[in-house]
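Written below as structure tokens is the structure these notes are about.
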Amino acid sequence: MQTVLPKEVLTCHNMICGEWVQGELGSFDVISPYHAQKIGVATLPSKNQIDQALEFAHKAQKNWGKTPIKERSQVLYNFRNILIRDLDSIAHLKSAECGKTFGEARAGLMKGLEVLEFALSLQNLDLGGKLEGARGVSCEYRREPLGVVANITPFNFPGMVPMWTIPICLALGNAYVWKPSDKTPLTALKIANALVEAGLPRGLFTVLHGGIESVHAIIDHPQVKAIGFVGSTKVAQAVYQRGTHLGKRVLALGGAKNHIVLLPDANLELSGLGISDSFTGCAGQRCMAASVLLAVGNVEPHIQKIIERASSLKLGSEMGALITQTQKDFLIGAIERIEKAGAKILLDGRRLQVPQGYENGYWLGPTIIDQVFPGSEAASVELFGPILSIVRCKDLSEAMKIENSVEYGNACSVFTSSGALADRVVR
Ligand code: NAD
């Protein structure tokens with residue numbers, strides 16, 4: 001199924017005190033990566049508006065925190081049913097604003113629903129307990145809501161990443177403040193409206209748009225007790241430092257450069273499909289994407305399979321677009337630099353045919369680059385696009401030495417038919 005792009009320009013204000021409020025600091029356009037046209041406008045809140053929203057959230061949380069978890073869960077149960085009802089329309093909008101395929105956008109929401117279903121089970125879990133501290137002394141511990149909890153999310157999963165935290169924060173009695181990516185603010189419209197329709201009391205869900213200024217105003221506000229962040233490593237570190245310096249709890253997830261170890265005994269079909277889909281899924285714009293292939297020994301037939309699969313993908317329906325023209329220019333520049341440094345292009349995504357009618361979109365086809373050296377740009381910098389760099393390794397020990405020297409830590413995979421070798425890599 002193809003993504004249906006919005007026919008009209010959507011406006012997304014800020015959800016402040018339970019209502020959509022126009023930001024006082026102007027607005028910014030939302031451009032669809034599919035055709036580089038404006039599909040939305042989001043408005044920017046002033047510091048005063050952010051303060052007002054957070055004070056209101058703080059007051060609203062007091063009642064919500066006292067509401068029994070079974071009643072809070074009922075609202076989330078309604079939220080789940082509304083999301084399921086509206087799944088396709090939300091997926092189309094997500095796909096339109098971030099360039100994913102419709103299938104990827106839908107799958108991301110399904111993952112979000114899994115978290116929501118987990119959150120619904122929290123009412124049946126132990127939320128406290130008692131200890132006998134000493135003779136005549138008993139201690140009781142309880143899980144209490146923190147208060148107002150903020151989350152700052154990236155462009156590449158506009159629905160799934162926020163859903164990692166929204167259901168759990170709300171089920172456990174907190175007020176939730178969301179600062180979506182300034183590249184993909186529109187999905188927030190659908191999620192916030194679904195929560196309102198589900199019966200969530202005003203003030204418990206706040207949406208604030210913008211970039212660094214909004215993020216700083218949120219982190220610094222005294223009523224914000226905890227901050228979740230998902231995005232690039234540099235910003236993750238800055239958010240972590242700012243929040244923890246103020247004594248707040250911060251969970252910050254950053255970028256990645258995921259390596260795959262490929263051994264000659266790996267199943268040809270499975271490795272061809274798995275490795276190709278890993279680096280091309282979400283056009284390589286995901287933190288779990290394969291980025292470097294550590295090719296051990298003679299794996300030529302496997303590499304041919306990867307090329308075969310990747311070059312068969314149709315842009316638009318089977319592989320999405322890049323988020324911005326700037327990102328496309330960056331990737332094309334990187335491919336040129338890598339080529340000049342002596343690497344060999346096995347599959348050149350710059351030459352891929354762009355879907356008809358979407359010629360202005362931010363497309364780059366799957367690109368496979370061989371003879372890349374460890375430590376070079378292609379092997380160590382998070383490029384965030386459909387690019388697979390191949391580093392040739394004489395044996396598994398060399399591959400593991402390279403893998404273990406990578407500064408990122410999201411994921412590592414191994415393709416082999418040997419359980420013993422797989423176990424060695426995993427360890
Ligand atoms: P980003 O760091 O540019 O932006 C993330 C969020 O921070 C956005 O809401 C953005 O508006 C805000 N922001 C941007 N610059 C800021 C600044 N200077 N100060 C404060 N806030 C700022 O990331 P992105 O480009 O939206 O997302 C891609 C990155 O996210 C990649 O590095 C990817 O690996 C990472 N990511 C990681 C995970 C994970 O689970 N580890 C999941 C998804 C994405």
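The values are calculated or read from the model by the stated rules, or taken from the named source; none is laboratory data. Since this is a predicted model, take the numbers as computed values, not measurements. Don't worry about glycine lacking a Cβ; one is built from the backbone with ideal geometry, like all the others, and counts go over all protein chains shown. Accessible surface areas use protein heavy atoms only, side chains included; no ligands, DNA or RNA. Shrake-Rupley method; radii C 1.70, N 1.55, O 1.52, S 1.80 Å.
The distance between label points at Lys66 and Asn78 comes to 2.1 nm (points 7 Å beyond Cα on the Cα→Cβ vector).
Solvent-accessible surface of the chain, taken per residue with a 1.4 Å probe and all protein chains present: 45 Å².
Remark: spin-label model distance Ser311-Met288 equals 2.9 nm, labels positioned 7 Å along the Cα→Cβ axis. Counting 0.36 nm for each residue step from Ser376 to Gln356 and taking away their Cα separation leaves a gain of 3.6 nm. Note that region 211-217 has calculated 3J(HN,Hα) couplings of x, 4, 5, 5, 4, 5, 4 Hz, one per residue in order, obtained from phi through the Karplus relation 6.51 cos²θ - 1.76 cosθ + 1.60 (θ = phi - 60°); glycine and proline are x. What a 1.4 Å probe finds exposed on region 122-230 is 53% carbon and sulfur by accessible area, rounded to a whole percent. From most to least packed by mean Cβ count within 10 Å, the peptides 5-11, 158-164, 367-373 give 158-164, 367-373, 5-11.
Model label sites at Asp220 and Lys340, defined 7 Å from Cα along the beta-carbon direction, differ in position by 4.1 nm. Using the Cβ-Cβ distance between Asn48 and Glu318 with R0 set to 60 Å, the FRET efficiency works out to roughly 0.80.
Dividing the radius of gyration of the alpha carbons in region 285-350 by their Kirkwood radius gives 0.97 for Rg/Rh. Multiplying the residue separation of Glu8 and Arg424 by 0.36 nm and subtracting their alpha-carbon distance yields 144.3 nm. Estimated purely from DSSP H runs of n ≥ 4, each contributing -39500 (n - 2.57), the mean residue ellipticity at 222 nm for the chain is -13000 deg cm²/dmol once divided by its residues.
Label reach from Gln304 (point 7 Å along Cα→C-beta): in region 371-391, no amide nitrogen lies under 11 Å. Full extension of the chain segment joining Leu270 with Ser89 gains 61.9 nm, where the gain is 0.36 nm per residue of separation less the Cα-Cα distance. Once you treat every alpha carbon in region 299-427 as an equal point and sum by Debye, what is log10 I(q)/I(0) at q = 0.13, 0.18, 0.22 Å⁻¹? Those come out to -0.62, -1.10, -1.40, one per q.
The order of the peptides 304-310, 339-345, 318-324 by mean Cβ neighbours within 10 Å, most packed first, is 318-324, 304-310, 339-345.
Amide H contacts under 5 Å for Trp178: Asn151, Thr206, Val207, Leu208, restricted to partners 5 or more places along the chain or on a different chain, H placed in the peptide plane at 1.01 Å from N. Each principal axis of the Cα atoms in the chain has its own extent, and those three values, largest first, are 66, 65, 39 angstrom.
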